[in-house]
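The values are calculated or read from the model by the stated rules, or taken from the named source; none is laboratory data. If you're wondering where the values come from, they're calculated on a predicted model, not measured in any experiment. Glycine gets a Cβ as well: all are built from the backbone with ideal geometry, and neighbour counts include every protein chain shown.
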Amino acid sequence: MKKIFIILIFSAFFNAGVTEAASIKTIPEDPIQGEPLMIQIDGVNGINDVAKIIWNKRSLWFYTYDDNPFDSAQGKPTALIAIDLNQKSGDYKIEVKLENKTTLEKIVTINQREKIEELLGIPAKLGGNTPQAATNLVTNLTKENAVINSVYSATKRFWSKKFIYPITDPIVTDSYGYLRKTGYYTIPHKGTDFRASEGTSVLAMNRGVVRLAIESKIYGKTIAIDHGFGVVTYYMHLSKIFVSQGELVKKGQAIGLSGQTGYAEVPHLHLSVKINGISIDPITFINLFNN
């Protein structure tokens with residue numbers, strides 16, 4: 001009986017130590033609508049100490065990766081979520097269930113994004129600034145979004161290193177999240193545009209599998225790369241595509257050239273990033289891995 005009693009005391013002490021040390025960290029601390037959120041678990045011995053990470057009652061994939069700037073030597077259990085551009089602002093709960101049956105909780109407040117609206121004309125190649133052209137644009141956009149939204153993401157992770165910018169010397173010309181007024185329609189800009197003269201090399205932001213390599217009327221020549229665990233990157237308005245559907249690409253590999261195909265008046269690169277089908281701010285996403 002004495003041995004069993006001692007073992008029970010030691011077990012209780014060990015589990016209590018892990019529980020007191022363990023905590024939830026979120027990056028950024030004060031997210032806004034349309035941003036990604038990185039969740040990390042501090043104070044545990046590794047990924048095997050974590051049973052579940054739950055956001056808004058939904059279980060998340062979690063992992064560690066090699067050059068996480070926030071990692072300890074063993075790596076911190078990490079999960080990524082997407083906050084929709086139209087997500088209701090307010091308080092949301094993160095729950096983390098540890099293997100020792102302890103539950104950690106943290107409340108995250110999602111703040112409102114400033115709504116900015118700008119006029120955007122329709123290029124002559126798509127019919128110019130007429131009501132019919134605007135209607136056609138929205139009709140085609142709906143069809144193409146159905147294809148974009150159907151992109152599959154594997155339940156495995158293809159990447160282990162941080163994400164990079166898709167072009168060298170990136171300069172943002174149009175940011176994520178503002179509203180484009182086109183005719184009678186308002187279309188949110190769910191991506192980031194980068195300055196890129198015709199023929200600029202476009203790079204895969206990380207290792208992944210090409211799920212789309214197509215040309216469409218609005219998005220032009222488009223590539224979608226699945227990085228696994230719900231993360232997909234999209235490269236649009238390209239002039240050339242170098243990769244094929246199903247191809248495994250390396251981080252930094254040239255996958256195409258920038259252009260102005262589709263709904264584009266000047267050459268540039270439009271980049272979109274989705275997590276579990278939700279478009280988020282690409283710059284904030286990249287900064288998660290580079291702070």
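Each residue in the stretch 219-237 was checked for being surrounded by 23 or more Cβ atoms within 10 Å (Cβ to Cβ) and assigned to a loop (DSSP other than H, G, I, E, B), and 1 of them qualify. Every test in (1) under 20 Å from V172 (Cβ atoms); (2) among the aromatic types (F, W, Y); (3) modelled with pLDDT of 95 or more; (4) more than 19 Å from the chain's Cα centre (by Cα) is passed by F242 save one, and that test is (1). When the stretch 7-51 is limited to residues that are more than 24 Å from N290 (Cα to Cα) and of a type in the set (D, E, K, R), the one that is modelled with the highest pLDDT turns out to be D49.
May I ask you to list the residues in the stretch 179-201 that are assigned to a strand (DSSP E or B) and within 30 Å of K115 (Cβ to Cβ)?
L179, R180, K181, T182, Y185, T186, I187, P188, T192, D193, F194, R195
How many of the residues in the stretch 202-212 are within 18 Å of K251 (Cβ to Cβ) and in a strand (DSSP E or B)? So the count comes out to 6.
Selection within the stretch 110-139: residues that are surrounded by fewer than 14 Cβ atoms within 10 Å (Cβ to Cβ) and among the hydrophobic types (A, V, I, L, M, F, W, C). The member of this set that is modelled with the lowest pLDDT is L119. Check the stretch 268-285 and report whether any residue there is more than 16 Å from the chain's Cα centre (by Cα) and not hydrophobic (A, V, I, L, M, F, W, C). Checked the stretch 268-285: at least one residue is more than 16 Å from the chain's Cα centre (by Cα) and not hydrophobic (A, V, I, L, M, F, W, C). Residue pairs whose Cβ atoms lie under 7 Å apart, sitting 6 or more positions apart in sequence or on different chains, and linking a residue in the stretch 231-244 that is under 13 Å from F285 (Cα atoms) to a partner that is among the acidic types (D, E) and at pLDDT 95 or above, are V232/D226. Counting the residues of the stretch 98-150 that are under 19 Å from Y185 (Cβ atoms) and either assigned to a loop (DSSP other than H, G, I, E, B) or without any contact (Cβ under 8 Å) to a residue 60 or more places away in the chain (or both) gives 24.
List every residue pair whose Cβ atoms sit under 9 Å apart, with the two residues 6 or more apart in sequence or on different chains, where the first one lies in the stretch 152-166 and is assigned to a strand (DSSP E or B) and the second, anywhere, is of a type in the set (G, A, S). Note: pairs meeting the criteria are R157/G228.
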